[in-house]
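A.B. asks: Dropping a structure here in structure tokens format, bear with me for questions.
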Amino acid sequence: MGCLRNIINLIIITLAIIGFLSIGGREYLENDLMPAVKKVNNAFQTEMQESGKTFTELSLKELGGILWNSVKSVIFVKKVANGYEITEIKGLMGYDTKIAEDLTNGQKMIIADTKDKVLLDLNKTDKAELKADMLKLAKKHKALPVKFDDIDIVELGKWKALNKDLRYAKVSIKDKATNSEIVAIVSTSPDETNSKIIVTFAEKSKFSRKIAEKYFKKAQ
């Protein structure tokens, strides 16, 4: 019982730290963290009942497996479909996020539902100002699956995605860890209640706009 309580406390503390560092404040705890913790707890109780055992009858390994299954069922699911490995993450930084990896070349397509928050204004035409906004966004949301320290905006335009004509910024990212260059396209779908930000990226030699357009054209 004590070991289980320590594991749960560690998860709660870790999530709280991520929330405060990346978004900050009471709003994240009240609106995103605590509901997720409650859902995990409910799923854990269900898993315990289905096991047919009590706390004292389960080994630490079995308890850990049940807890992990509870976290997975609430926060993320992974599947392979139509040539993509798709990972759906619930409540990452307060957003529901879908990551699709093309199985032919590894290019990733990401859709984050940011609800009533428009994270990036792509109506700006000043590349220096837009670059500053993008770097600020990346620094603030370090737990999101897109990380970079410096970028070069190489193109601004419009494309068809999410069944809309959306503005995009094509960027070149220097990956210092691997000394390679990554190409990415960032786009937003602003809405008062249902905003989204989409990103596709791959190493420069593997990047394909056609792959991204094919996926985002039908995605929601």
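Read the figures in this text as sums done on the coordinates, not as results from a lab. Everything numeric here is computed off the predicted structure, so don't read it as measured data. Virtual Cβ from ideal backbone geometry, glycine too; neighbours counted across all protein chains shown.
A.B. asks: Using a Förster distance of 41 Å, how high is the FRET efficiency between Ser59 and Ser180, based on the Cβ-Cβ distance and rounded to 0.05? Don't skip to the answer; put the middle values down first.
C.D. replies: Values: r = 44 Å, r/R0 = 1.07.
FRET efficiency, Ser59 to Ser180: 0.40.
A.B. asks: What is the calculated FRET efficiency for Asp165 to Thr46, with r their C-beta to C-beta distance and R₀ = 45 Å, to the nearest 0.05?
C.D. replies: Given R0 = 45 Å and the Cβ-Cβ separation, E is 0.55.
A.B. asks: What residues have an amide H closer than 5 Å to that of Ile151, excluding those fewer than 5 places away on the same chain, when H is modeled at 1.01 Å from N in the peptide plane?
C.D. replies: Amide H neighbours of Ile151, under 5 Å, 5+ apart: none.
A.B. asks: 7 Å from Cα along Cα→Cβ at both Leu156 and Ser208: what's the point-to-point distance in nm?
C.D. replies: 3.0 nm
A.B. asks: If you take every residue apart from Glu85 with its C-beta less than 13 Å away from the C-beta of Glu85, what net charge results, scoring Lys and Arg +1 and Asp and Glu -1? If you can, show how the numbers build up before the last one.
C.D. replies: Values: positive: Lys78, Lys79, Lys98, Lys108; negative: Glu88, Glu101, Asp102.
Charge balance near Glu85 sits at +1.
A.B. asks: In addition: Rounded, prolate or oblate, given the Cα gyration tensor of the stretch 82-218, with a/c below 1.5 counting as rounded?
C.D. replies: Here the stretch 82-218 falls in the rounded category.
A.B. asks: Sort the following peptides by mean Cβ neighbour count (other Cβ atoms within 10 Å, averaged over residues), highest first: 185-194, 153-162.
C.D. replies: Peptide ranking by packing, descending: 185-194, 153-162.
A.B. asks: Pull out the extension gain between Asp191 and Asp113, defined as 0.36 nm times the separation in residues minus the alpha carbon to alpha carbon distance; nm, one decimal.
C.D. replies: Working: separation 78, 0.36 × 78 = 28.08 nm, distance 1.06 nm.
Contour length minus the Cα-Cα distance gives 27.0 nm.
A.B. asks: Over all directions, the average projected area of the alpha-carbon convex hull for the stretch 77-123 comes to how many nm²?
C.D. replies: If I average the Cα hull's projected area over directions, I get 4.2 nm².
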